[in-house]
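Q: Dropping a structure here in structure tokens format, bear with me for questions.
The values are calculated or read from the model by the stated rules, or taken from the named source; none is laboratory data. This is a predicted model, so every value here is computed, not measured. As a convention, Cβ positions derive from the backbone with ideal geometry for all residues, glycine included, and neighbour counts pool all protein chains shown.
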Amino acid sequence: MKLEEKIQYIKGVGPKKSVALGRLGIHVVYDLLTHFPRRYEDRSEMHRISDVVAGETENIRGTIINVTENSPRRGLKLLKALVSDGSGYMQLTWFNQPFLKTKLKTGKQIFATGKVSYAYGGQGQFAMNPVVDYELMDAEEQEDILHKMLPIYAATDLLNQKFLRKIIEEALTAVQEIPEILPEYVRAQYQLMPRDKAIEKIHFPENEQDVGMARDRLAFEELYLIQCGLLILKKQQREAEHGIQHLLNSTLVKKVEDKIPFTLTDDQKKTWREICVDMEKIVPMRRLVQGDVGSGKTVIAALALVKTIENGYQGALMTPTEILASQHFVSLQELLTPCGIRVGLLSGKLGKKQRDEVRRAIAEGEIDLIIGTHALIQDEVSFSNLGLVVTDEQHRFGIAQRAKLEEKGQKNPDVLVMTATPIPRTMTLTVYGDLDISLIRQLPPGRKPIRTFVRTPSKRERIYQFVRDELQKGRQAYVVCPLIEASETVNLRSAEEVYEELQSGIFYGIPCALVHGKLRPKEKEQIMKDFHENKIKLLVATTVIEVGVNVPNASIMVVEGADQFGLAQLHQLRGRIGRGQYQSYCILVSQGKSDTAKERLGIMEASNDGFVLAEEDLKLRGPGQFFGSMQHGLPDLKIADVLNDVDILLKARRAALETMERSEDLHYVKDILALQYRDHFDKITDA
């Protein structure tokens, strides 16, 4: 068999099982061999039932004596099997898995893993409640399955562990060759196991040493491949023939700089210098500006857009939401129109006639700067002379979406990417490896740190009295809720409930409004406009305000059900306040009792630094989906762990940089990128 052959041709699979495997992301043989175990069970460590210890996680095997089923309360079904191994009895329990009843037959041999307790709360019969993992064994395979480190995979009801192990073993036997993709000098330099051996040992190790060596090799390979992919993208972009070489800054840039009503911070000045140097080269700029909420990235983007306009080109600014697009439009129009720059807005909310008119003006060069949402990348939009593409909140766009906007230029336009999602430096190199990076860590002068407090719902009366006191001083406030409407299944306060309660209660007579994603765009925009103009004092909202609402007079935020949000999202929300000269307060209302919820909110209380919070968020969330969530369009990691594998990551990046200097090694990498990542790196593999 070949690695790219469809999965259904493996012995024992067939069409029905191949559909179920597809749901796990397994489509071809290569996907199956890289469906790595989540953990292992050392079944050589087997205890007799009479020797197990309550409170410990144990492996036992025995014969099923009987099976019973009952429902102690609505929504809970218990399936219990009494098992004996001759030395004693143990009760095994499964929650809400009635389909197992047909499999758990009296007389069958079973292997089970789980935490041991007592069945009757005291010193009674042993129980495994619930069973973490189990396997029913046929007589001929009993000895074969014992005394081994067995892999445990992500699986489904239709695809149990036994089946997955069997077809992986089948595939390993049937595959003619698993080609080595790391250059020999890389394997030797970093003392890495051969690839075919690593894949075999990760699935069927003899001991923990096998697992460690195989995992190190495969994690290195995964990080190396993604680094190579991003570096090839970067190289291709740098070698593009028709970049735009902008001239040095002249009168228009100077005119706009003079209109900015504050002095740029040192970080902003440094970033602006780096952008100017990039734009003045013939090579197309590909730069990421990474800065915390409120650090002043937009003003730098505005200057870059003015620079391209001064050189006779058009600029485009793409944002993820209508609200953010509208706000950028208003603020940039105010700054740039007096300087003779024509600013336009293109978004889905425009009527057909307006939309057609804006598209015509863009195509004929009557708009210098166009701001918009995904509407900018529609096929109907064409530019007269696109010179610079800016994408805001990059983590919400895919690489492919960014590329689609870039392709609208006759020449290769410069690209500036902005994100307010700070991540650690080593991670930045990995996630944004195809971009040069500028960092803005300083906040503009005059900004006071936001004071954050975690409070329980019992303090609501005092919290809202404090909010009222702030409003009476002339300030404005947000109240953020996780839900729009009340739910029967979730015990959380909805935005609608909170709004009704507040505006008819403690804030009676004070202008209040409710904004959420279900409102029509015009309604939403009008509410945000009224809040911006201080006509609304208290805004009850869902996370629609997470991105880009700039109201310097808003100095207080209450987040209801704060434990329902991630750290990054809470930090984004909190960034809506503290944007003016006033002391600002963020109050997180939570009844979350879990240790994780308390820890997460405690971190928010202790730190305003987005980089610190990002690192903590990564630890709490786990790194599995790190790539996908940070730069939509990159693959999630299959085996590497960006938190614990930083050493491997840095070695892999060093190796990838070496490979980029050796063109003879690159064709190996391109082939495997096509097989492993398909459309994630389609621009590379097409080249």
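Q: Determine which single condition A188 fails, assuming it passes every other condition in (1) outside any loop (DSSP other than H, G, I, E, B); (2) of a type in the set (A, V, I, L, M, F, W, C); (3) over 16 Å from Y40 (Cα atoms); (4) touching a helix residue (DSSP H, G or I) at 6+ places or on another chain (Cβ under 6 Å).
A: Exception for A188: condition (4).
Q: Follow-up. Restricting the search to the range 72-116, which residues are polar (S, T, N, Q), touching a residue at least 40 places away in the same chain (Cβ under 8 Å) and in a strand (DSSP E or B)?
A: Within the range 72-116, Q109, T113 meet the criteria.
Q: Based on what the data block shows, is I577 touching a residue at least 12 places away in the same chain (Cβ under 8 Å), assigned by TED's automatic domain parsing to the domain that holds V480 and farther than 17 Å from T456 by Cα?
A: When the stated conditions are applied, I577 passes them.
Q: Another one. Identify the residue in the range 42-54 that is exposed (fewer than 13 other Cβ atoms within 10 Å of the Cβ) and out of contact with any Ser or Thr (no Cβ under 7 Å at 6 or more places or on another chain) and, among all such residues, is nearest to P130 (Cα to Cα).
A: Applying the filter and picking the extreme gives V53.
Q: Please work out if I556 is modelled with pLDDT of 90 or more, assigned to a loop (DSSP other than H, G, I, E, B), hydrophobic (A, V, I, L, M, F, W, C) and on the phi < 0 side of the Ramachandran plot.
A: No, not satisfied.
Q: Can you name the number of the only condition in (1) without any contact (Cβ under 8 Å) to a residue 12 or more places away in the chain; (2) in a loop (DSSP other than H, G, I, E, B); (3) among the basic types (K, R) that R360 fails?
A: Looking at each condition in turn, R360 falls short on (2).
Q: Tell me whether the range 169-179 contains one or more residues that are within 15 Å of F36 (Cα to Cα), crowded, with 21+ Cβ neighbours inside 10 Å and in the same structural domain as Y9 (by TED's automatic domain parsing).
A: yes
Q: If you take the residues in the range 363-378 that are under 28 Å from the mean Cα position of the chain (by Cα) and not in a helix (DSSP H, G or I), which one is surrounded by the most Cβ atoms within 10 Å (Cβ to Cβ)?
A: I371
Q: Considering only residues that are in a helix (DSSP H, G or I), closer than 14 Å to N160 by Cβ and not aliphatic (A, V, I, L, M), which ones fall in the range 11-33?
A: Hit for the range 11-33 is K17, nothing else.
Q: Might you let me know whether the range 483-492 holds any residue that is in a strand (DSSP E or B), among the hydrophobic types (A, V, I, L, M, F, W, C) and under 23 Å from A606 (Cβ atoms)?
A: No; the residues of the range 483-492 include none that is in a strand (DSSP E or B), among the hydrophobic types (A, V, I, L, M, F, W, C) and under 23 Å from A606 (Cβ atoms).
Q: Another question about this same structure. If we scan the range 534-550, do we find a residue that is within 20 Å of L443 (Cα to Cα), surrounded by fewer than 22 Cβ atoms within 10 Å (Cβ to Cβ), in contact with a strand residue (DSSP E or B) (Cβ under 6 Å, 6 or more places away or on another chain) and not polar (S, T, N, Q)?
A: no
Q: Name the residue, out of Q569, Q591, that is among the polar types (S, T, N, Q) and either outside any loop (DSSP other than H, G, I, E, B) or crowded, with 18+ Cβ neighbours inside 10 Å (or both).
A: Q569
Q: Would you point out which residue out of T263, T308 is β-branched (V, I, T), in a helix (DSSP H, G or I) and either at pLDDT below 90 or not assigned by TED's automatic domain parsing to the domain that holds A568 (or both)?
A: When all the criteria are applied, what remains is T308.
Q: Only one of G14, G75, G55 is over 25 Å from Q125 (Cα atoms) and out of contact with any helix residue (DSSP H, G or I) (no Cβ under 7 Å at 6 or more places or on another chain); which?
A: The conditions single out G75.
Q: I would also like to ask the following. Restricting attention to the range 490-505, and to residues there that are without any contact (Cβ under 8 Å) to a residue 60 or more places away in the chain and within 26 Å of the chain's Cα centre (by Cα), which single residue is nearest to G351 (Cα to Cα)?
A: The qualifying residue nearest to G351 (Cα to Cα) is A495.
Q: Please verify whether P183 is over 30 Å from the mean Cα position of the chain (by Cα) and modelled with pLDDT under 90, treating the condition exactly as stated.
A: yes
Q: Note down all Cβ pairs under 9 Å where the first residue falls in the range 311-329 and is free of Cβ contacts under 8 Å to residues at least 12 places away in the same chain and buried (at least 22 other Cβ atoms within 10 Å of the Cβ), the second is assigned to a helix (DSSP H, G or I) and of a type in the set (A, V, I, L, M), and they're at least six residues apart or on different chains.
A: none
Q: Looking at Y508, Y582, Y478, which one is among the hydroxyl-bearing types (S, T, Y), in contact (Cβ under 8 Å) with a residue 12 or more places away in the chain and part of a loop (DSSP other than H, G, I, E, B)?
A: Y582
Q: Has the range 198-209 got any residue that is assigned to a loop (DSSP other than H, G, I, E, B) and out of contact with any strand residue (DSSP E or B) (no Cβ under 8 Å at 6 or more places or on another chain)?
A: Within the range 198-209 (the criterion being assigned to a loop (DSSP other than H, G, I, E, B) and out of contact with any strand residue (DSSP E or B) (no Cβ under 8 Å at 6 or more places or on another chain)), the answer is no, since none of the residues qualifies.
Q: Next question, about the same structure. Only one residue in P15, P98 is surrounded by fewer than 17 Cβ atoms within 10 Å (Cβ to Cβ) and over 30 Å from L673 (Cβ atoms). Which one?
A: P98
Q: Right, next: Quick one: which of A188, A219, A214, A198 is touching an Asp or Glu at 6+ places or on another chain (Cβ under 6 Å) and at pLDDT 90 or above?
A: A219
Q: For R462, all conditions in the list (1) under 16 Å from S584 (Cβ atoms); (2) without any contact (Cβ under 8 Å) to a residue 12 or more places away in the chain hold save one; what is the number of the exception?
A: Answer for R462: the failing condition is (1).
Q: Do you know which residues across the range 229-260 are under 16 Å from V306 (Cα atoms) and assigned to a helix (DSSP H, G or I)?
A: Residues satisfying the conditions are T251, L252, V253, K254, K255, V256, E257, D258, K259.
Q: Select from the range 50-66 the residues that are farther than 17 Å from L136 by Cα and not in a loop (DSSP other than H, G, I, E, B) and list them in ascending order.
A: If the condition is that a residue be farther than 17 Å from L136 by Cα and not in a loop (DSSP other than H, G, I, E, B), then S50, D51, T57 are the ones that fit.
Q: Still on this model: Confirm whether E69 is farther than 13 Å from T106 by Cβ, more than 39 Å from the chain's Cα centre (by Cα) and not in a loop (DSSP other than H, G, I, E, B).
A: Criteria met by E69.
Q: All but one of (1) of a type in the set (G, A, S); (2) farther than 20 Å from I377 by Cα; (3) assigned by TED's automatic domain parsing to the domain that holds T271 hold for A301; which doesn't?
A: (2)
Q: Being more than 14 Å from the chain's Cα centre (by Cα), at pLDDT 75 or above and not polar (S, T, N, Q) is true for just one of L643, L567, L601, L637. Which residue is that?
A: Going through L643, L567, L601, L637 in turn, the sole match is L601.
Q: Just give me the residues in the range 530-549 being assigned to a loop (DSSP other than H, G, I, E, B) and out of contact with any Lys or Arg (no Cβ under 6 Å at 6 or more places or on another chain), in sequence order.
A: Selection gives E533, N534, K535, I536, K537, T542, E546, V547, G548.
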